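**Q** Pasting a structure below so you can have a look.
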Amino acid sequence: MSKEILRMEHISKAFGGSKALDDVSFDLRSGEVHALMGANGAGKSTLMKVLAGVYMPDQGSIIHNGNVTPIKASVADAQKDGVAMVFQELNILPHLSVLENIFIANEITKKSGYDWKTMRKRAKEVMAEVGIDLDLDERAGNLPVAMQQMIEITRALNLNSDIIIFDEPTSSLTMQETDSLFDLIRRLKKKGVGMVYITHRMSEVYQICDRITLLRDGRNVFTDDIKNVDNQRLLSGIVGSDDTNQFPEKVHHIGDVIFEAKDVTVKGLYENVSFQLRDGEILGFAGLAGAGRTEIAKTIFGCYKPDQGEFFYRGEKLHIKSPVDAVKKGIGYVSEDRKGEGILAVRSIKENMGIANMHRLGKNFHIRQGQEKEEVQAMIQQLKIKTTGMDQCITDLSGGNQQKVCLGKWIMSQPKLLLLDEPTRGVDVGARADFYQIIQRLVKNHIGVIVISSEEDELIGLCDRIIVMRDGHKVGEFEDTEENLKEKMLKLMLNI
Ligand SMILES: Nc1ncnc2c1ncn2[C@@H]1O[C@H](COP(=O)(O)OP(=O)(O)OP(=O)(O)O)[C@@H](O)[C@H]1O
Ligand SMILES: [Mg+2]
């Protein structure tokens, strides 16, 4: 067995009155990938933020390479100590360049100031190790989420850390990017780096992790070798019950066409896309990142103007001038980019949910506060959002619970058409089952629902019909009854 490099003991941490961590222990060996799992709000990110110097624990000790680490809440100290964290909510500074993002707070200097030449050289080397080749002068904010994450990983590697924490690293990566991340993790293992891997995707745990620690409500449930853990034990450990059936029964009462795209093109993004969405069905979009799925959703939502083609709602032509106009006309869009587009960061849950509902709840420039509160409270209960109350700031919620707020605000807006772009990103398996049921209820109430997802199993489990996109073109369309559906979808997506 390889040597232990880290031991966290009896860690407790409360925020206000509520305990996020209660006497938690965790250890890590050199060259191991240690999965950290548990439901949304279980305390995974908080435990790792304690290790990475973001939070000071109320109690407990950290022993790193045999030394008791003085507990100080400073990321810089933790980094000096060899601990780097790739955060769940990415920490990219959008206005700075790729290069500046890699070296921020860790610049290489020479007498006359910053040594850009050496930094460029070093950045290229580390990026090669990560398996990317980005323009170092590009503004980081212009890059897709997946690449921003790669910058974070590059930054962590550049620090020569012996402990790297990945907090849901694959939730915004494509299959190929995930594969290259796993290759990278395997290389780091060989170098003896100890890695903590937080995820809600079970398949990944079996693929690359050696051990697993499960948390529930801020407490240890178990730590064990992956070979002793099966799906059932994991699922019931996370959900806290034996009811682990994820997808609801499909209903299949398909009616008239409610939404239609006819031959729509946005130059440079996608071409000649046509499809119909019928009453009572859930329509899925499969494809790799960059296939054009998000861009289609954003066109319907008024972010792009089509160069050609038209949209229809129940036979009537739709003129959407802007996202505000889209909301007025009953179209909702849950963005794949939660941090960038989905949330008002320093605002409360109530404000975040209210924003998509102003046109409905507003009257002569006043919001009907009572009704708003009632509806928000109902959403919090329906979606089981873990919070101290609707006035809590959204960024104090766990990642999965922030996602639930994003969904909740659009469900509350009683849309006619709801576009869900990676809606279950970062959502735990128990909460997913709730989501799926809610989506099905919406559809039963004649709301059109389109789901974009990078998880084929989710599309197959949830949708009645699936459209496959590749390189800006629609390349396939399947009923969910199709045989060997997943294989057929993957073939089209990957063009193999
Ligand atoms: N800065 C903060 N202020 C107040 N409460 C917080 C803060 N950070 C976390 N919490 C609370 O601590 C609990 C644990 O949150 P944490 O983010 O660790 O969960 P998690 O296991 O990472 O969940 P997820 O899978 O959704 O990311 C949650 O109830 C959360 O609301
Ligand atoms: Mg988290």
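**Q** Considering only residues that are buried (at least 18 other Cβ atoms within 10 Å of the Cβ) and within 16 Å of ligand 1 (Cβ to nearest atom), which ones fall in segment 69-89?
**A** Once the filter is applied, which keeps residues that are buried (at least 18 other Cβ atoms within 10 Å of the Cβ) and within 16 Å of ligand 1 (Cβ to nearest atom), segment 69-89 yields Met85, Val86, Phe87, Gln88.
**Q** Filter segment 203-217 down to residues that are part of a loop (DSSP other than H, G, I, E, B) and modelled with pLDDT of 95 or more and give me whichever is surrounded by the fewest Cβ atoms within 10 Å (Cβ to Cβ).
**A** Here is the first cut: in segment 203-217, the residues part of a loop (DSSP other than H, G, I, E, B) are 209-210, 217.
Filter once more, keeping what is modelled with pLDDT of 95 or more: 209-210.
Numbers: Cys209: 22, Asp210: 18.
The selected residue is Asp210.
Each row is one residue, and each column tells you yes or no for (1) within 26 Å of Thr154 (Cα to Cα); (2) modelled with pLDDT of 85 or more; (3) not hydrophobic (A, V, I, L, M, F, W, C).
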residue	(1), (2), (3)
Gly31	yes, yes, yes
Asn40	no, yes, yes
Ala76	yes, no, no
Val83	yes, yes, no
Glu89	yes, no, yes
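**Q** From the residues in segment 140-169 that are charged (D, E, K, R) and at negative phi, which one is nearest to the chain's Cα centre (by Cα)?
**A** Asp167
**Q** Does Ser18 fit the bill of being within 13 Å of ligand 1 (Cβ to nearest atom), in the same structural domain as Leu136 (by TED's automatic domain parsing) and at pLDDT below 90?
**A** Values: within 13 Å of ligand 1 (Cβ to nearest atom): yes; in the same structural domain as Leu136 (by TED's automatic domain parsing): yes; at pLDDT below 90: yes.
Considered against the rule, which asks whether it is within 13 Å of ligand 1 (Cβ to nearest atom), in the same structural domain as Leu136 (by TED's automatic domain parsing) and at pLDDT below 90, Ser18 comes out as yes.
Conditions (1) within 16 Å of ligand 1 (Cβ to nearest atom); (2) assigned to a helix (DSSP H, G or I); (3) out of contact with any helix residue (DSSP H, G or I) (no Cβ under 8 Å at 6 or more places or on another chain), marked per residue:
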| position | (1), (2), (3) |
| --- | --- |
| Gln371 | no, yes, no |
| Lys384 | yes, no, no |
| Asp391 | yes, no, no |
| Gln403 | yes, yes, no |
| Cys406 | yes, yes, no |
| Lys409 | no, yes, no |
| Val427 | yes, no, no |
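**Q** Which numbered condition trips up Glu204, out of (1) of a type outside the set (A, V, I, L, M, F, W, C); (2) assigned by TED's automatic domain parsing to the domain that holds Ile450; (3) within 16 Å of ligand 2 (Cβ to nearest atom)?
**A** (2)
**Q** Please determine whether any residue of segment 146-167 is in the same structural domain as Arg29 (by TED's automatic domain parsing), in contact with an Asp or Glu (Cβ under 6 Å, 6 or more places away or on another chain) and closer than 30 Å to Leu235 by Cβ.
**A** Looking through segment 146-167, at least one residue is in the same structural domain as Arg29 (by TED's automatic domain parsing), in contact with an Asp or Glu (Cβ under 6 Å, 6 or more places away or on another chain) and closer than 30 Å to Leu235 by Cβ.
**Q** Can you find a residue that is in contact with a strand residue (DSSP E or B) (Cβ under 8 Å, 6 or more places away or on another chain), outside any loop (DSSP other than H, G, I, E, B) and modelled with pLDDT under 85 anywhere in segment 136-151?
**A** Yes, because at least one residue in segment 136-151 is in contact with a strand residue (DSSP E or B) (Cβ under 8 Å, 6 or more places away or on another chain), outside any loop (DSSP other than H, G, I, E, B) and modelled with pLDDT under 85.
**Q** Among the residues that make up segment 272-289, is at least one of them in contact (Cβ under 8 Å) with a residue 24 or more places away in the chain, within 19 Å of Val405 (Cβ to Cβ), under 22 Å from the mean Cα position of the chain (by Cα) and not in a strand (DSSP E or B)? Write out each step before concluding.
**A** Pass one, segment 272-289, residues in contact (Cβ under 8 Å) with a residue 24 or more places away in the chain: 272-275, 277-289.
After this cut, where a residue has to be within 19 Å of Val405 (Cβ to Cβ) as well, the list is none.
The answer is no; no qualifying residue exists.
**Q** I would also like to ask the following. Quickly run through segment 218-253 and pick out the residues that are at pLDDT 80 or above and hydrophobic (A, V, I, L, M, F, W, C).
**A** Those that are at pLDDT 80 or above and hydrophobic (A, V, I, L, M, F, W, C): Val221, Phe222, Ile226, Val229, Leu234, Leu235, Ile238, Phe247.
The values are calculated or read from the model by the stated rules, or taken from the named source; none is laboratory data. Since the structure is predicted, the reported quantities are computational estimates derived from the model, not experimental observations. Please note: Cβ atoms are built from the backbone with ideal geometry, for glycine as well, and neighbour counts cover all protein chains shown.
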